[in-house]
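The values are calculated or read from the model by the stated rules, or taken from the named source; none is laboratory data. In this text, all values refer to a predicted model and were calculated from it rather than measured experimentally. Positions of Cβ are backbone-derived with ideal geometry, glycine not excepted, and every protein chain shown enters the neighbour counts. Quick note on the areas: whole protein, heavy atoms, side chains included, nothing else; ligands and nucleic acids left out. Shrake-Rupley method; radii C 1.70, N 1.55, O 1.52, S 1.80 Å.
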Amino acid sequence: MTVSSIVVMIIGMVIIWGGLAASIIHAVRSSKKNKARDAANNV
Amino acid sequence: MERSQWGTRAGFIMAAVGSAVGLGNIWRFPYVAYENGGGAFFIPYLFALLTAGIPILILEFTIGHKYRGSAPLSFFRMGGKKLEWMGWWAVFVSFIISVYYAVIIAWAMRYTIFSFNQAWGTDTQDFLFNDFLQLTVQPGQTGGIVWGVFIPLALVWIITLGILLAGVKKGIELANRIFIPTLVVIFLAVVIRAVTLDGALTGLEAFFQPDFDAILNPTVWVAAYGHIFFSLSVAFAIMITYSSYLPKKSDITNNAFITGFANSAFELLAGIGIFAALGFMAAQQGVAVGDVATAGVGLAFVVFPQIINEFPGFNGLFGTLFFLSLTLAGLTSLISITETYVAGFSEKFGISRNKAVLFGGGLAALISILFATQGGLYFLDLADYFINQFGVAAIGLVEVVLVVWVFRKADLLKGHANEISDIRLGAWWKFSLGIITPIVLGYMMFGLLKLNILKEFETETGNYEGYSDMFTLAGGVAVAAAALIFGILFSIGKWHKEQGEYDERN
């Protein structure tokens, strides 16, 4: 594979798979935060 | 009647991803990317994802969540009878798609069995069209029923309707929680094996090699927007229906980002796997990758069996995994497409969910027998072209124009999404929906209308695939028009009294 193809492949993977990973991590963190907030409100 | 609800957020996301990830991700995206600049295609593709795909997903998730109904009921609650017809139009487009989509899943199911001993032999094209589909009639003729297609088709409908009968949580959610991880694992195995084949790097080079001149061509941008649009299951009534089952506290904006990126992540994986396998085949035959690259039915049922034939070992296993992936990707999408009219019929007429599944799904199953006949492929090909271009794309255009410009609901919906979501929507969302999406879809629709009305296809008749005027009108134009006409007719009747009242302040 040429250098330009490898660079494009890596950038595409980072943006698309990275975007998916970032949005999942955000969802997990905010769900933990909300659970903690709900628990604090119940106390 | 209490409204069904997803059991978990992950369950909803799996179902939405299951709907978006379908046959097109595997057999359409790789070729569209290859044909439109290779690696450079990722620039318009990502731009289209962020300025059209995800904004429309957020719009549909918000509509379903705010108005808490199937697409027709949600649009009715948003704008009364003046909008309800659009929901029904989308529902009938989904109905038509479901009747032929089920047949393609039936083929994939049958090919999973054929893979065990490569029953397709050496001439895979002759096997598909003559032995398997028995395509010996002229376009427009049905011929007899092909039992080899009819039996798996019956099985596809039994599975789909069985899942829908079990309900939203115990049926759709549970099925997707099983099917989606299974699909990912199986497809990952296929891709890993494909990239380790001789010639795989040549295939990947063909797929990723950037042609940056291509992104100056407007048709490449239209192809990117068109692909994102068809790939994400937007304008099908699906995402509105699915999000209507979300609990009140739901982060709908991030759900849309996860769904959009997951769909793209899967199709990028598919592109790598498909082109690695095509590179292997090209190396075996001593030809260029461009000579074997293709899309759609030809890629899945003609070229892939050839690749499986030439495999160095475990041919049966690789073939089974590939066709099983197609079957699972198709099934999760078919479930979501069928759910749109199950929910719509149930709410409009106040009938139980089970009756709606048996009536709506049963009717679709009966009509789908037309596509299990000897001439079924011609009907399928024509209906698919017209319903996608003049159904799904047209609905997308009309939907954004009506919601943003005519009924001016964008700010209200933005407010609702921001109230419950972690990621706040800014001006980019309204700009994408109100300006970018209508311009691109409008340009695309204009080109399509011109192509079809002026008969500019490079075929003998000037029509799509060279079909006759009569067959094009009856099997394509009339089918696309029927979805709109039925949509308008269904919006005339009153809603069952339980759905009548809705407080927009909810």
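Legend: P(r) of chain B from all alpha carbon pair distances, 10 Å bins from 0, whole percents, reading 4, 20, 31, 28, 14, 3, 0. Each residue of segment B:478-484 is assigned a 3J(HN,Hα), and the resulting list reads 5, 5, 5, 5, 4, 4, 5 Hz, derived from the Karplus form 6.51 cos²θ - 1.76 cosθ + 1.60 (θ = phi - 60°), x at Gly and Pro.
The loop-placed chymotrypsin sites (Phe, Trp or Tyr not before Pro) in segment B:229-273, going by DSSP, include none that has at most 14 neighbouring Cβ atoms within 10 Å of its Cβ.
So if R0 is 35 Å, what FRET efficiency would B:LEU188 and B:PHE407 give, r being the distance between their Cβ atoms, rounded to the nearest 0.05? Can you show the working numbers first?
Details: r = 44 Å, r/R0 = 1.25.
Efficiency, rounded to the nearest 0.05: 0.20.
Using the Cα atoms of chain A to build a convex hull, what is its mean projected area in square nanometres? Show your work: numbers first, answer last.
Working: hull surface 11.4 nm².
Quarter of the Cα hull surface area: 2.8 nm².
Overall, segment B:23-85 carries a charge dipole of about 380 debye about its Cα centre when +1 sits on the Cβ of Lys and Arg and -1 on the Cβ of Asp and Glu, all other atoms neutral.
Rounded to the nearest 20, the size of the Cβ-charge dipole of the protein assembly as shown about its Cα centre is 2620 debye, with Lys and Arg at +1 and Asp and Glu at -1.
Per the Debye formula on identical point scatterers at the alpha carbon atoms of segment B:290-364, with no solvent, log10 I(q)/I(0) at q = 0.15, 0.25 Å⁻¹ is -0.66, -1.07. Shown here are the Rg and Dmax of the Cα trace of segment B:129-170, at 15.2, 45 Å. Using every Cα-Cα pair within segment B:133-292, state what percent have a distance larger than 29 Å. Result: 46 percent of Cα pairs exceed 29 Å. Accessible surface buried by the A/B pair amounts to about 1800 Å², both sides summed, 1.4 Å probe. Tell me, how many Å apart are the Cα centres for segment B:141-182 and for segment B:382-450? So the separation of the two Cα centres works out to 31 Å.
Note on the protein assembly as shown: Kirkwood hydrodynamic radius from all Cα pairs is 23.8 Å, rounded to one decimal. Taking the three principal axes of the alpha carbon atoms in segment B:85-169, the coordinate ranges are 48, 33, 19 Å, sorted in descending order. Estimated at 0.36 nm per residue, the fully extended path between B:ASP198 and B:ASN117 surpasses their Cα-Cα distance by 26.9 nm. Extension gain for B:ALA427 to B:ASP291 (0.36 nm times residue separation, less C-alpha to C-alpha distance): 44.4 nm. In plain terms, if you count all Cα to Cα distances in segment B:22-109 and split them into 10 Å steps from zero, the share in each step is 14, 28, 32, 23, 3 percent. Coupling constants for segment B:40-48 follow from the phi torsions by the Karplus curve (6.51 cos²θ - 1.76 cosθ + 1.60, θ = phi - 60°), and in residue order they are 5, 4, 5, 5, x, 4, 5, 4, 5 Hz; glycine and proline get x. In chain B, a dipole from Cβ-located charges (positive for Lys and Arg, negative for Asp and Glu) runs towards its positive end, and of B:ILE228, B:HIS416, B:PHE386 it is B:HIS416 whose Cα lies farthest in that direction. Phi angles of segment B:122-139 translate, via the Karplus equation with coefficients 6.51, -1.76, 1.60 and θ = phi - 60°, into HN-Hα couplings of 8, 9, 5, 5, 4, 5, 4, 7, 9, 7, 7, 7, 6, 7, 10, 10, 7, x Hz per residue; Gly and Pro are given as x.
By average Cβ neighbour count within 10 Å, what is the ranking of B:219-226, B:119-126 from highest down? Can you show the working numbers first?
Values: B:219-226: 21.6, B:119-126: 15.1.
Highest to lowest by the protection proxy: B:219-226, B:119-126.
Convert 10 °C to kelvin, take the viscosity as 1.306 mPa s, use the Kirkwood radius over C-alpha pairs of segment B:368-506 as Rh, and evaluate the Stokes-Einstein diffusion coefficient in µm²/s, rounded to a whole number. Intermediate values should be presented prior to the final figure.
Details: Rh = 18.2 Å.
Diffusion coefficient, whole number: 87 µm²/s.
Taking the Cα of B:GLU460, stepping 7 Å toward and past its beta carbon, and measuring to each backbone N in segment B:125-169: which are under 13 Å? Answer for this model: B:138-139. Along its principal axes, segment B:34-193 has C-alpha extents of 56, 42, 37 angstrom, given from the largest down. Per residue of peptide A:1-14, the mean number of Cβ atoms on other chains within 10 Å of the residue Cβ is 6.
Contact order, relative form, for chain B: 33 percent (alpha carbon pairs under 8 Å, 6 or more residues apart, mean separation divided by residue count).
Compute the signed sum of charges (Lys and Arg +1, Asp and Glu -1) over the other residues within less than 13 Å, Cβ to Cβ, of B:PHE207. Present the calculation step by step, with values, prior to reporting the outcome.
On the way: positive: none; negative: B:GLU35, B:GLU205, B:ASP211, B:GLU267.
With Lys, Arg at +1 and Asp, Glu at -1, the neighbours total -4.
Using just the helices of chain B, give the 222 nm mean residue ellipticity in deg cm²/dmol: DSSP H runs with n ≥ 4 each add -39,500 (n - 2.57), and the total is spread over all residues, rounded to 500. Taking each H run of at least 4 residues, the total per residue is -20000 deg cm²/dmol. Summary of the geometry: segment B:319-335 and segment B:1-42, compared by the centres of their Cα atoms, lie 13 Å apart.
Mean silhouette area of segment B:238-349, derived from the convex hull of its C-alpha atoms and averaged over all directions, reads 9.6 nm². For the peptides B:25-31, B:81-87, A:33-39, the ranking by packing is B:25-31, B:81-87, A:33-39, with the highest mean count of neighbouring Cβ atoms within 10 Å listed first. A simple charge model with +1 on the Cβ of Lys and Arg, -1 on the Cβ of Asp and Glu and nothing else charged puts the dipole of chain B at about 2180 debye relative to its Cα centre.
Given 4 °C and 1.567 mPa s, compute D for segment B:1-48 with the Stokes-Einstein relation, Rh being the Kirkwood radius over Cα pairs; round to the nearest whole µm²/s.
Values: Rh = 13.3 Å.
So the translational diffusion coefficient is about 97 µm²/s.
Scanning residues 5 or more positions from B:THR373 or on other chains, those with amide H under 5 Å from its amide H are B:VAL146, with H placed 1.01 Å from N in the peptide plane.
Taking packing as the residue-averaged number of other Cβ atoms within 10 angstrom, the listed peptides B:331-339, B:100-108 run from highest to lowest as B:331-339, B:100-108.
For the segment B:255-262, counting C-beta atoms of other chains within 10 Å of every residue's C-beta and taking the mean gives 5.
Work the Kirkwood hydrodynamic radius out for segment B:349-400: mean of 1/r over every pair of different alpha-carbon atoms, inverted, in Å. The partial results should precede the final answer.
On the way: mean 1/r = 0.0757 Å⁻¹.
Here the Kirkwood hydrodynamic radius works out to 13.2 Å.
Per-residue mean of foreign Cβ neighbours for B:201-209 is 4 (Cβ atoms of other chains, 10 Å radius).
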